[in-house]
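Everything on this sheet refers to the single structure shown next.
The values are calculated or read from the model by the stated rules, or taken from the named source; none is laboratory data. Here the structure is a predicted model, which is why all the values come from computation and not from measurement. Cβ sites come from the backbone with ideal geometry, for glycine too, and all protein chains shown count toward neighbours.
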Amino acid sequence: MIILRGSIRAISPLHIGTVGTGNYHPTLPYIPARTIRGMLGNYLFNEKRDLFEKLRIDDDENPSIHFKPALPEGSVASPLILRWCKRCGKLIEERDKDCPECLQEGKKRGGLMLEESLSSKKFRGPEIRSSIDTKCPITRRGHTSPGERYSLSPYNIGALLPGSEFDLRCVLPGEYVDDLKDAFREAGIFYGIGGFRSKGYGMVEFDFTGEEGIDGYIEQRSSEFDGSPLLMVLNAPAIFEEEGKHVIGFREKLLESYLGDHRIMRQVFSEDRARGWEIKGGYRLGKIIPATGMGSSALIEVDPVRAARAEVYGIGNMRHIYGDVYFRRWDYGAI
């Protein structure tokens, strides 16, 4: 198995759907793993069925390929367990009640931040270029906005602008890497990603920057983790199930199969919804599942090798599209 890395660049506007209000359709600021899987799976199912079957891309139990969320270049999910100064954005460490410089209180910041914020201890968000496009429904009488007697009305679409770039990662058998690169490139142009593709949205191009064996990755990362409690952060919603019920938050019993023996010292989490999509027979919504939200985080004692392995394969159910997680040495003040 290898980790394939690269970038996704928007050629046309992108709309990555969320639940809208009224006639406004907002977009996510990143591309979820399930969306990347949907684009590639839809393409392979229709154009290269043999590769679709070999990769078991539609199998939620035992797929051959794991997709990761494509976040804006250089960014990660902001850990909800940390506090940042409301004024200057500096990290407020555990021993401090307020910012030592600004004397302002701290707040938790959800969403995304540049990865360098963790080392510099100052919050910086990624540059997310977006717009709101207004569209008029097409009627038999023309392309202008319908009059008052029509129930149709203009609607607004949140869109990520052309030129937006995202980091790509996926884990797959090395024997398929060249075929997958070609499939990604063709799918991005001819099938597109996200919603409103019939209106010119969703065209992307892929650039691949490197491949890395998972054994080497685990060895390198575990050496960086050794000898310290770790900060564990969800880069994507995670699904945890216990006795047929979905559980929100981190529980040691549920994490044992992914992290081995460990101890959760403190945690802060949010609730989200994970969407399950069926690829065969048409790419459509299959189910909506309660999930622990992006940015949910914990201070944890864990075996470094198990932590590094979790970065590769994720945690929770449906790890091929959910449960992406990253770890950092805890360097944020007293525990």
Some residue of the range 55-66 being among the β-branched types (Val, Ile, Thr), modelled with pLDDT of 95 or more and outside the structural domain of THR292 (by TED's automatic domain parsing): no
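Which residue, of SER198, SER270, SER228, SER222, is over 24 Å from LEU112 (Cα atoms) and in contact with a strand residue (DSSP E or B) (Cβ under 9 Å, 6 or more places away or on another chain)? Explain how you work it out, then say what you get.
Values: SER198 fails: in contact with a strand residue (DSSP E or B) (Cβ under 9 Å, 6 or more places away or on another chain); SER270 fails: over 24 Å from LEU112 (Cα atoms); SER222 fails: in contact with a strand residue (DSSP E or B) (Cβ under 9 Å, 6 or more places away or on another chain).
Of SER198, SER270, SER228, SER222, the one residue that is over 24 Å from LEU112 (Cα atoms) and in contact with a strand residue (DSSP E or B) (Cβ under 9 Å, 6 or more places away or on another chain) is SER228.
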The range 19-52, residues that are in contact with a Ser or Thr (Cβ under 9 Å, 6 or more places away or on another chain) and without any contact (Cβ under 8 Å) to a residue 60 or more places away in the chain: LEU28
Of all residues making up the range 293-309, the number that are farther than 12 Å from LEU231 by Cα and buried (at least 24 other Cβ atoms within 10 Å of the Cβ): 1
Qualifying residue in the range 102-121 (condition: part of a loop (DSSP other than H, G, I, E, B), modelled with pLDDT under 85, of a type in the set (A, V, I, L, M, F, W, C) and not assigned by TED's automatic domain parsing to the domain that holds GLY295): yes
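Within the range 33-40, is there a residue that is of a type in the set (A, V, I, L, M, F, W, C) and surrounded by fewer than 21 Cβ atoms within 10 Å (Cβ to Cβ)?
Checked the range 33-40: no residue is of a type in the set (A, V, I, L, M, F, W, C) and surrounded by fewer than 21 Cβ atoms within 10 Å (Cβ to Cβ).
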Residues (more than 13 Å from ILE11 (Cα to Cα) and without any contact (Cβ under 8 Å) to a residue 24 or more places away in the chain) located in the range 169-216: GLU175, ASP178, ASP182, SER198, ASP215, GLY216
Sole exception among (1) among the basic types (Lys, Arg); (2) in contact with a strand residue (DSSP E or B) (Cβ under 6 Å, 6 or more places away or on another chain); (3) surrounded by fewer than 21 Cβ atoms within 10 Å (Cβ to Cβ) for LYS68, by number: (3)
Answer residue from the range 197-214, given it is assigned to a strand (DSSP E or B) and of a type in the set (Gly, Ala, Ser) and is surrounded by the most Cβ atoms within 10 Å (Cβ to Cβ) among those: GLY213
Residue within the range 24-32 that is outside the structural domain of ILE92 (by TED's automatic domain parsing), surrounded by fewer than 18 Cβ atoms within 10 Å (Cβ to Cβ) and β-branched (Val, Ile, Thr) present: no
Condition check for GLY227: over 13 Å from VAL302 (Cα atoms) and not in a strand (DSSP E or B): no
Tally of residues being in contact with a Gly (Cβ under 9 Å, 6 or more places away or on another chain) and of a type in the set (Phe, Trp, Tyr) across the range 1-42: 1
Filtered residues of the range 1-47 (kept if assigned to a loop (DSSP other than H, G, I, E, B), in contact with a Phe, Trp or Tyr (Cβ under 7 Å, 6 or more places away or on another chain) and small (Gly, Ala, Ser)): SER12
Residue check for ILE193: under 30 Å from TYR24 (Cα atoms), of a type in the set (A, V, I, L, M, F, W, C) and not in a strand (DSSP E or B): yes
PRO100 being touching a residue at least 12 places away in the same chain (Cβ under 8 Å) and not hydroxyl-bearing (Ser, Thr, Tyr): no
